[in-house]
Amino acid sequence: MNIENYKLEGENLPILKYPDPVLSKVAGPVTEFTPDLENLVKNMLFTMYHAPGIGLAAPQVGASIRLFVLDVDYERETVTNANGEEEVRMSDFNPMVFINPVITGTSGTTTFEEGCLSVPGVYEEVKRHKSVHVKYQNLKGETLEMEVDDMLAICIQHENDHLDGIVFIERLSNLKKQFYKKKLIKEKGR
Ligand SMILES: [Zn+2]
């Protein structure tokens with residue numbers, strides 16, 4: 001399928017927030033490439049663009065399977081339309097889908113201030129590999145691979161962590177990790 005068609009139509013899925021237990025589970029492999037899977041991808045892209053975010057992993061919407069979507073290229077701007085109302089315009093979409101991804105090689109290190117749709121309001125620098133080689137499947141089940149660096153590499157590592165039950169705050173120093181865990185568990189309990 002052409003995922004280009006799906007960026008602006010779909011269903012807005014509820015995004016699970018840390019410490020939801022699904023976010024800590026190791027997700028299982030995708031074994032069937034069905035219309036249901038296509039539909040999930042379509043809704044995940046829609047949800048990601050409208051959140052807005054640049055990446056979304058299936059466990060974040062309650063599906064514990066090895067799949068994530070991302071777009072590190074799209075532009076989003078708020079404009080005032082002819083009726084004087086503010087509206088959000090998005091353009092330059094570059095949606096990507098990674099199914100059963102495996103990072104098969106890494107090099108270098110980089111740090112970037114990350115955030116996560118499942119951990120609202122927290123932005124912290126995380127150390128990652130600068131470049132990664134990733135093997136994955138597309139929606140047809142074909143195996144592909146690519147070598148990427150910088151923003152795309154960081155995003156792939158962040159989303160791939162979700163498939164292993166790791167939320168980015170787990171990658172922070174012990175002190176910060178304990179601080180955020182306590183804070184977020186307390187807020188969730190309210
Ligand atoms: Zn995330």
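Every number here is computed from the coordinates shown, using simple stated rules; none is lab data. What you see is a predicted model, and the numbers here were worked out from it, not measured in a lab. Cβ placement follows ideal geometry from the backbone for every residue including glycine, while neighbour counts extend to all protein chains displayed.
Worth a mention:
- Relative protection proxy for 10-17, 160-167, from highest mean packing down: 160-167, 10-17 (other beta-carbon atoms within 10 angstrom).
- Full extension of the chain between H133 and E87 gives 12.7 nm of extra length, using 0.36 nm per residue less the Cα-Cα distance.
- Loop-located trypsin sites (Lys or Arg not before Pro) across the stretch 98-180 with a Cβ neighbour count of 13 or fewer within 10 Å are K140, with loop assigned by DSSP.
- Compared with the direct C-alpha span, the chain from R76 to D20 gains 17.2 nm at full extension, assuming 0.36 nm per residue.
- Mean residue ellipticity at 222 nm, helices only, the chain: -8000 deg cm²/dmol; runs of at least 4 DSSP H residues each add -39,500 (n - 2.57), and the sum is divided by the number of residues.
- Global form of the chain, assessed from the alpha-carbon gyration tensor, a/c cut-off 1.5: rounded
- Proximity of backbone amide H atoms, modeled 1.01 Å from N, is registered between K130 and S107, G108, T109, T110 at under 5 Å, excluding neighbours fewer than 5 places apart on the same chain.
- Two-site FRET efficiency, V102 against T34, from Cβ-Cβ distance with R₀ of 35 Å, rounded to 0.05: 0.95
- Loop-located chymotrypsin sites (Phe, Trp or Tyr not before Pro) in the stretch 120-190 (DSSP state not H, G, I, E or B) with no more than 12 neighbouring Cβ atoms inside 10 Å: Y123.
- When only alpha carbons are used to place a centre, the stretch 121-153 and the stretch 36-97 end up 17 Å from one another.
- Model label sites at T109 and Q178, defined 7 Å from Cα along the beta-carbon direction, differ in position by 2.3 nm.
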